[in-house]
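The values are calculated or read from the model by the stated rules, or taken from the named source; none is laboratory data. On a predicted model such as this, the values are computed, not experimentally measured, just so you know. Positions of Cβ are generated from backbone atoms using ideal geometry, with glycine treated the same way; all protein chains shown enter the neighbour counts. Ligands, DNA and RNA are stripped out before the accessible areas are found, and what is left, the full protein with its side chains, is counted by its heavy atoms. Shrake-Rupley method; radii C 1.70, N 1.55, O 1.52, S 1.80 Å.
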Amino acid sequence: MLVLFETSVGYAIFKVLNEKKLQEVDSLWKEFETPEKANKIVKLKHFEKFQDTAEALAAFTALMEGKINKQLKKVLKKIVKEAHEPLAVADAKLGGVIKEKLNLSCIHSPVVNELMRGIRSQMDGLIPGVEPREMAAMCLGLAHSLSRYRLKFSADKVDTMIVQAISLLDDLDKELNNYIMRCREWYGWHFPELGKIISDNLTYCKCLQKVGDRKNYASASLSDLLSEEVEAEVKAAAEISMGTEVSEEDICNILHLCTQVIEISEYRTQLYEYLQNRMMAIAPNVTVMVGELVGARLIAHAGSLLNLAKHAASTVQILGAEKALFRALKSRRDTPKYGLIYHASLVGQSSPKHKGKISRMLAAKTVLAIRYDAFGEDSSSAMGVENRAKLEARLRILEDRGIRKISGTGKALAKAEKYEHKSEVKTYDPSGDSTLPTCSKKRKIEEVDKEDEITEKKAKKAKIKIKAEEEEVEEVPVVEVEEEEEQVEEEPSVKKKKKKDKKKHIKEEPLSEEEPCTSTAIPSPEKKKKKKKRKEAED
């Protein structure tokens with residue numbers, strides 16, 4: 001059996017002398033304890049040396065990619081084919097390529113790995129003609145060359161530039177905000193009204209740079225920066241300004257700060273254009289899905305495009321909200337629904353109740369786009385455009401579904417109402433702050449006494465009415481019998497008397513309510529008249 005062994009100096013082919021000892025894998029290392037023992041197991045048959053580091057680099061890059069170098073192909077045809085023996089290789093992928101192209105039987109097993117380890121430990125004694133210093137120098141040079149080659153394998157696919165560009169863009173935004181705030185505050189002592197009239201920061205700084213002192217506003221022309229109405233307003237405010245007077249040296253420092261703000265703003269726009277171009281070159285589908293800023297922040301957060309491609313869709317969805325996630329897990333509350341992906345245009349377009357759904361779907365499609373950009377050979381953005389169209393159609397369906405429910409039955413309207421955001425303005429009730437009683441105890445007692453008196457009066461009225469009705473029922477039949485005995489002619493007069501009696505009873509009732517009588521045995525004047533009439537009738 002032959003063994004193919006690659007070194008930094010060249011290719012070495014060894015002949016195995018005693019194949020029986022290879023069967024004991026666990027004790028094979030003992031046979032390579034010394035160079036003398038190693039020479040009894042394997043013997044160098046051929047050594048093909050590299051001429052320089054460039055040739056060594058080409059050979060090793062081919063081995064890393066699973067390809068056969070021209071130099072290796074010549075050696076294998078010359079030595080191995082003539083020997084008609086199997087070839088032991090360290091890499092199974094390389095063995096498959098050799099078998100396919102050269103029709104040689106290759107072996108790869110744990111025994112071969114152990115044999116390679118033993119040869120590597122005694123390499124100086126097994127390969128004559130190569131000094132240890134030369135071997136170490138070639139190893140170091142080859143390591144440096146391989147590192148450089150792997151870094152510059154594709155200049156267009158280097159996502160480090162994106163990470164640096166988005167980080168610098170965020171830093172520039174922070175610095176610009178600080179500079180502009182300081183500029184407005186500083187110049188506000190001299191001309192405070194200008195800050196309220198001109199809201200745009202860059203226009204504000206350009207006006208300062210052009211005019212300087214507020215006395216110059218009357219003669220200066222700002223038509224290239226401001227509209228006619230705003231320019232007239234600025235000039236009018238400059239004449240009646242309440243600001244303090246400042247020296248020329250102060251104005252010079254303020255103008256220098258304005259120049260810095262304008263230069264940084266221009267550089268920021270240039271950097272943003274550079275980032276757009278880089279994102280379209282490296283990750284076109286991700287740019288179409290979530291935009292260049294959100295895509296660049298996702299890549300920067302993960303470290304690289306390849307690292308981001310290894311993440312699951314659920315991880316990409318909450319990437320950037322790690323603190324909120326672990327806080328929610330710790331306190332056993334609801335976990336966040338979105339992280340950096342919240343700033344994507346599709347999530348911003350959706351209503352609050354659909355943001356969670358859209359962010360989940362967008363994360364799933366974005367992961368597909370990331371993997372396509374990271375591992376795919378095609379650099380077109382057709383897949384991203386197609387997936388974005390699907391998401392927009394899905395968002396439209398979700399929004400229309402809510403409209404259909406509201407226009408349907410009353411129940412559907414009631415269900416939809418609880419998801420709608422309604423801003424109700426509630427007024428503050430100050431009565432809840434006071435701990436004192438609303439009315440005094442004396443007033444409460446008086447009110448209770450009045451209520452008792454009213455209930456007593458009502459009860460007495462009811463009793464008197466009942467008694468009066470009973471008396472009328474008793475008296476009416478007696479009077480009728482007497483009148484029938486006397487004469488039928490007196491009937492109309494009796495009826496008139498009854499009516500008068502009823503009227504008298506109605507008049508006497510309010511009097512009796514105020515002073516109720518205790519005894520019912522006192523004879524009334526009507527009874528006396530009736531008794532007289534009875535006596536006259538008897539006579």
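From the phi of every residue in segment 20-26, what ³J(HN,Hα) in whole Hz does the Karplus formula 6.51 cos²θ - 1.76 cosθ + 1.60 yield, where θ is phi - 60° and glycine or proline is x?
In residue order, the calculated couplings are 5, 6, 6, 5, 8, 5, 5 Hz.
What order do Lys353, Lys15 take when sorted by accessible area (1.4 Å probe), most exposed first?
The ordering from most to least exposed comes out as Lys353, Lys15.
Output ³J(HN,Hα) for segment 76-82: one whole-Hz value per residue in order, computed from phi by the Karplus curve 6.51 cos²θ - 1.76 cosθ + 1.60 with θ = phi - 60°, and x for Gly and Pro.
Result, rounded to whole Hz: 5, 5, 6, 9, 6, 5, 6.
Rank-order 17-23, 88-94 by packing density, defined as the average count of other C-beta atoms within 10 Å over each peptide's residues, highest first.
Per-residue mean Cβ counts within 10 Å order the peptides as 88-94, 17-23.
Between Lys74 and Lys467, what is 0.36 nm times their sequence separation minus the Cα-Cα distance? Round to one decimal in nm.
127.3 nm is the gain from fully extending Lys74 to Lys467.
Distance from the Cα centre of segment 113-149 to that of segment 310-386, in angstrom?
48 Å
Dipole of segment 199-311 (Lys/Arg Cβ +1, Asp/Glu Cβ -1, origin at the Cα centre): which of Ser223, Gln209, Leu308 lies farthest to the positive side?
After comparing all options, I get Leu308.
Note the per residue figure in Å³ for the convex hull of the C-alpha positions in segment 49-160.
Per-residue hull volume (Cα only) is 150 Å³.
If DNA, RNA and ligands are ignored and the probe is 1.4 Å, what is the ranking of Lys535, Lys330 by accessible area, most exposed first?
Values: Lys535 135, Lys330 180 Å².
Descending accessible area places them as Lys330, Lys535.
Hey, can you find the accessible area per residue of segment 64-198 for me, probe 1.4 Å, expressed in square angstrom?
On a per-residue basis, segment 64-198 sits at 61 Å².
Per 0.36 nm of contour for each residue apart, how much would the distance between Leu140 and Asp26 grow if the chain were fully extended, relative to their Cα-Cα spacing?
Numbers: separation 114, 0.36 × 114 = 41.04 nm, distance 3.21 nm.
Full extension from Leu140 to Asp26 adds 37.8 nm.
Share of segment 1-136's accessible area from carbon and sulfur, percent, 1.4 Å?
Result for segment 1-136: 50 percent of the exposed heavy-atom area is carbon or sulfur.
Run the 1.4 Å probe and let me know the accessible area of Trp186, rounded to the nearest 10 Å².
100 Å²
Using a 1.4 Å probe and counting only protein heavy atoms, arrange Tyr187, Tyr338 so the residue with the most accessible area comes first.
Accessible-area ranking of Tyr187, Tyr338, largest first: Tyr338, Tyr187.
With θ taken as phi - 60° and the coefficients 6.51, -1.76 and 1.60, list the Karplus ³J(HN,Hα) couplings across segment 383-398 in order, rounded to whole Hz; mark glycine and proline as x.
Those phi angles translate into 5, x, 5, 5, 5, 5, 4, 5, 5, 5, 5, 5, 5, 5, 5, 5 Hz.
Multiplying the sequence separation of Lys460 and Glu249 by 0.36 nm and subtracting their Cα-Cα distance, what value in nm do you get?
Fully extending the segment from Lys460 to Glu249 adds 65.9 nm.
To the nearest 10 square angstrom, what accessible area does Lys37 show with a 1.4 Å probe?
Rounded to the nearest 10, that gives 80 Å².
Collect residues whose amide H, placed 1.01 Å from N in the peptide plane, falls under 5 Å from the amide H of Ala321; neighbours closer than 5 in sequence don't count.
Under 5 Å from the amide H of Ala321 lie the amide H atoms of Leu340, each far enough along the sequence or on another chain.
Evaluate the distance, in nm, between pseudo-label points positioned 7 Å from the Cα of Arg117 and of Ala313 along their respective Cα→Cβ axes.
4.4 nm
Would you pull out the residues with amide H under 5 Å of Lys45's amide H, same chain only if 5 or more places away, H placed 1.01 Å from N?
For Lys45, the qualifying residues are Ile13, Phe14, Lys15.
Please report Rg (one decimal) and Dmax (integer) in Å for the Cα set of segment 30-113.
Computed over the Cα atoms of segment 30-113, radius of gyration and Dmax are 14.2, 37 Å.
Just the accessible area for Tyr267, please: 1.4 Å probe, Å², rounded to the nearest 10?
100 Å²
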